[in-house]
Amino acid sequence: MTHFCRIPGWLGISVLGWLLPAGVSAEETSPQVLERIAFGSCGSQDKPQPIWDEVVKVKPELFLAIGDNIYGDTTDMDVMKAKYTELGAKPGYAALRKTCPVLATWDDHDYGVNDGGAGYSRKVESQQIMLDFYGVPADSPRRKRAGVYESWRFGPEGKRVQIILLDLRYFRSRASKDTRSAEEKARLNLVGWYVPSEDPAATVLGADQWAWLEAQLRMPADLRIIGSSTQVIASEKGMESWGNFPLERKRLYDLIGRTGANGVVFISGDVHFSEISRTDEGPYPLFDFTSSGLTNSHPGWAAAVNPHRVSPVAYAGPNFGLLQIDWGAAAPAVTMETRTLTGAVAISQKIQLSDLKKK
Ligand SMILES: [Fe+2]
């Protein structure tokens with residue numbers, strides 16, 4: 001099934017292979033100027049999903065599904081397919097598909113196993129089922145390489161948005177377990193199960209995806225939205241995150257600096273609440289806008305430690321993320337908003353694009 005129900009004109013052009021820079025595949029580049037991008041994560045197909053009504057109301061030009069898009073949790077690929085079919089049958093999700101294209105990566109549950117990594121036995125089959133559901137063409141590079149990562153660029157120079165969706169599961173090494181007592185974790189306000197690994201051989205993205213990411217970051221863009229299924233900046237609470245692999249996270253920050261990639265904003269999911277985190281460990285202020293979940297919420301996890309949080313609250317009700325880009329302002333800016341089941345704005349923060357570059 002295709003998720004490009006309202007086929008944009010550029011897709012038709014792309015299919016013919018015209019007007020595309022060398023090395024850019026059919027689905028990667030569009031002249032469309034983006035101003036409203038919605039995203040979300042952690043939606044259970046077993047639950048009602050009223051949040052889609054609010055997503056559709058904001059008329060997004062694109063929806064990014066950044067993981068735990070279903071709770072597959074299986075090695076039975078017929079079960080996996082059936083769960084995607086349940087999501088596809090949700091009236092709200094069907095309405096979204098008529099509104100805008102859906103671009104997706106996965107997290108652990110839709111990959112197939114809770115907190116899963118490189119060792120999951122059905123990842124080859126699961127990848128094709130996921131790509132089938134999201135209507136990825138048979139000739140897409142994503143069909144042939146290991147992992148579901150991909151990037152796209154939208155809009156002309158000066159208004160160009162690059163979307164990079166990473167795969168944090170296919171290649172990821174085992175995280176180190178936290179062996180401290182429940183009492184000790186409670187005293188430190190930790191809720192997770194992991195501690196940082198200093199193993200220099202441990203990887204998050206794997207060698208091929210790292211090389212690919214470097215090539216993407218070297219392409220020109222004015223705003224780069226990097227979708228990471230787990231949080232990038234917040235890590236102290238001990239849940240899954242890039243912080244469990246600090247050498248890999250430093251490599252990510254250093255890569256942004258080394259490639260001169262301006263305009264990076266991370267979006268993430270997984271943790272069942274929404275917040276915005278910031279770090280100055282990169283070449284310029286880096287923000288991580290977390291929106292989770294479309295159905296699943298966990299106030300206890302939202303209350304855990306995060307010294308990087310810059311949003312006034314961590315919002316633990318059903319929510320989605322909205323990125324609104326004002327290209328026409330004297331200082332072009334992106335506003336990050338957490339939207340709730342009633343359409344209310346729970347969190348809002350504006351960043352000027354001129355601040356997202358090395359000074
Ligand atoms: Fe997850």
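The values are calculated or read from the model by the stated rules, or taken from the named source; none is laboratory data. In this text, all values refer to a predicted model and were calculated from it rather than measured experimentally. Cβ placement follows ideal geometry from the backbone for every residue including glycine, while neighbour counts extend to all protein chains displayed.
Taking region 120-132 only, how many residues are part of a loop (DSSP other than H, G, I, E, B) and away from the ligand (no atom under 16 Å from the Cβ)?
2
Would you say S121 is surrounded by fewer than 23 Cβ atoms within 10 Å (Cβ to Cβ) and out of contact with any helix residue (DSSP H, G or I) (no Cβ under 9 Å at 6 or more places or on another chain)?
The answer is yes for S121.
Does E214 qualify as being acidic (D, E), surrounded by fewer than 18 Cβ atoms within 10 Å (Cβ to Cβ) and within 22 Å of R160 (Cα to Cα)?
yes
Are any of the residues in region 134-153 more than 30 Å from V102 (Cβ to Cβ), within 16 Å of the ligand (Cβ to nearest atom) and among the β-branched types (V, I, T)?
Scanning region 134-153 turns up no residue that is more than 30 Å from V102 (Cβ to Cβ), within 16 Å of the ligand (Cβ to nearest atom) and among the β-branched types (V, I, T).
Considering only region 281-330, state which residues are in contact (Cβ under 8 Å) with a residue 60 or more places away in the chain, surrounded by 16 or more Cβ atoms within 10 Å (Cβ to Cβ) and aliphatic (A, V, I, L, M).
L294, A304, L322, L323, I325
Taking the stated definitions as given, is R249 surrounded by fewer than 22 Cβ atoms within 10 Å (Cβ to Cβ), away from the ligand (no atom under 16 Å from the Cβ) and not hydrophobic (A, V, I, L, M, F, W, C)?
Against the criterion (surrounded by fewer than 22 Cβ atoms within 10 Å (Cβ to Cβ), away from the ligand (no atom under 16 Å from the Cβ) and not hydrophobic (A, V, I, L, M, F, W, C)), R249 qualifies.
Output the residue which, of all residues in region 267-280 that are crowded, with 24+ Cβ neighbours inside 10 Å and assigned to a strand (DSSP E or B), is nearest to the ligand (Cβ to nearest atom).
Among them, the one singled out is S268.
So, restricting to helices (runs of 4 or more DSSP H) that lie completely within region 46-111, which ones have at least 3 residues that are more than 16 Å from the ligand (Cβ to nearest atom) and either modelled with pLDDT of 95 or more or touching a strand residue (DSSP E or B) at 6+ places or on another chain (Cβ under 6 Å) (or both)?
It comes to 51-57, 77-89, 91-99.
Output the number of residues of region 82-108 satisfying the condition of being touching a residue at least 60 places away in the same chain (Cβ under 8 Å) and of a type outside the set (V, I, T).
Of the residues in that region, 10 qualify.
What do you reckon, is P141 farther than 27 Å from N306 by Cβ and at pLDDT below 95?
Considered against the rule, which asks whether it is farther than 27 Å from N306 by Cβ and at pLDDT below 95, P141 comes out as yes.
Checking N114 against (1) within 14 Å of the ligand (Cβ to nearest atom); (2) crowded, with 16+ Cβ neighbours inside 10 Å, which test does it fail?
(2)
Filter region 17-45 down to the residues that are at pLDDT 95 or above and of a type in the set (G, A, S), then identify the one that is farthest from E337 (Cα to Cα).
Here the residue is S44.
Only one of these is within 16 Å of the ligand (Cβ to nearest atom), outside any loop (DSSP other than H, G, I, E, B) and either over 24 Å from A302 (Cα atoms) or in contact with a Leu (Cβ under 6 Å, 6 or more places away or on another chain) (or both): G257, G243, G238, G227. Name it.
Result of the check over G257, G243, G238, G227: G227.
Within region 143-153, restricting attention to residues that are of a type in the set (D, E, K, R) and either in contact (Cβ under 8 Å) with a residue 24 or more places away in the chain or crowded, with 21+ Cβ neighbours inside 10 Å (or both), which residue is farthest from Y111 (Cα to Cα)?
Filtering first and then ranking leaves R153.
Yes or no: region 202-220 includes at least one residue that is within 16 Å of the ligand (Cβ to nearest atom) and either touching a residue at least 40 places away in the same chain (Cβ under 8 Å) or in a helix (DSSP H, G or I) (or both).
yes
Go through (1) within 15 Å of the ligand (Cβ to nearest atom); (2) in a strand (DSSP E or B) one by one and return the number of the condition C42 breaks.
(2)
Mind counting the residues in region 318-332 that are assigned to a loop (DSSP other than H, G, I, E, B) and within 19 Å of the chain's Cα centre (by Cα)?
1
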